[in-house]
Every structure is written in C-alpha cells, then in structure tokens.
C-alpha cells in the first residue's frame, strides 16, 4: 500500500533539493478516486498509474511523466500539466477546464486530440471524448463541440476551427 502523504513529503523535499528527498515514483500505482487536489507532483513519475476518477484539481503536474496513465473521468480542473508527458494516457471523460496543457505531449493519448496552434488565436485546442460527445478546451473555453461550433460561426468563422470541428464530428 502506498503512503501517499509520505510520498508527497519526500517529493517536496526532493524538489527543494533537501537531503533525504526522493522523486515521487508512482509507476503503475492504483490511485483511482484519490484526492490529490492541490498536490505538487511536478516532475513525478506517474507512468501507467491508475488515476481514474481521481481529484487532481489545481494539482501541479508540470513535467510529470503520465505516459500510459489512466486519467479517465479524472478531475483536472485548473491543473498544471505544462510539459507533462501524456503519451498514451487515457483522458476520456477527464475534466480539463482551466488546465494548463502548454507544451504537454498528447501523442497517442486515448480519446484526446490536439489541434493547433490555431491561426486566428494561436491557441492549442485539446478535445476529450465524453459520453455526451467531444468537449474542447481552447484557452479558457471548455465546453461541448456544438457550443464551440456556434461560437466560432457567430464570432470569427475561422476555417481552421471549423475544419477541426468537422474532423471531430466524424470520429
């Protein structure tokens, strides 16, 4: 059994360069439904971890290795995922509202697609499959595809956004 509190303490000491600190190595750990809201796991190894339905709201996961991790249904509201490795991660039904995905590697992620930068805004758009349909994160926007389509058609009718919308409709 993982003592997550102790792991976080040692990881904090490691990040600060303190003696006795250790990088969090949670490879393959079962952290499903864990409450890690606000946790600082910057640079941690969470590859192949089960984080399904975990609460990672406002967590710092910058530079973390989340390759192959199960993040299905995870709450990543406001999480810092900048420069995180999400290669092959399952992001289906994940809540990415307000999440920072700048520089994140989403190659091969399940039920997630990255588009951009978009020519009119410079934004990277990330789409995540939910049971009700695709949800798209573009800047501070995070809502379902029909809402995005309506807003794009009303505001700037950008062919790149409309093309992305058409691609997602066919998936």
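What follows draws every value from the coordinates through simple rules; no lab data is involved. Predicted model only: the values in this text are computed from it and were never measured.
Annotations
- Separation of alpha-carbon centers, the range 1-61 and the range 70-91, rounded to whole Å: 13
- Helix axis angle, 159-169 relative to the chain longest principal axis, alpha carbon, degrees: 70
- Over the chain: helical MRE at 222 nm, DSSP H runs n ≥ 4 each giving -39500 (n - 2.57), nearest 500: -6000 deg cm²/dmol
- Calculated on the Cα set of the chain, radius of gyration then Dmax: 16.8, 57 Å.
- Counting only alpha carbon atoms, the long axis of helix 4-15 and the longest principal axis of the chain meet at about 90°.
- Cα long-axis angle, helix 145-155 against the chain (0 to 90 degrees, to the nearest 10): 50
- Building the convex hull from the alpha-carbon atoms of the range 85-137 and averaging its projection over directions returns 3.6 nm².
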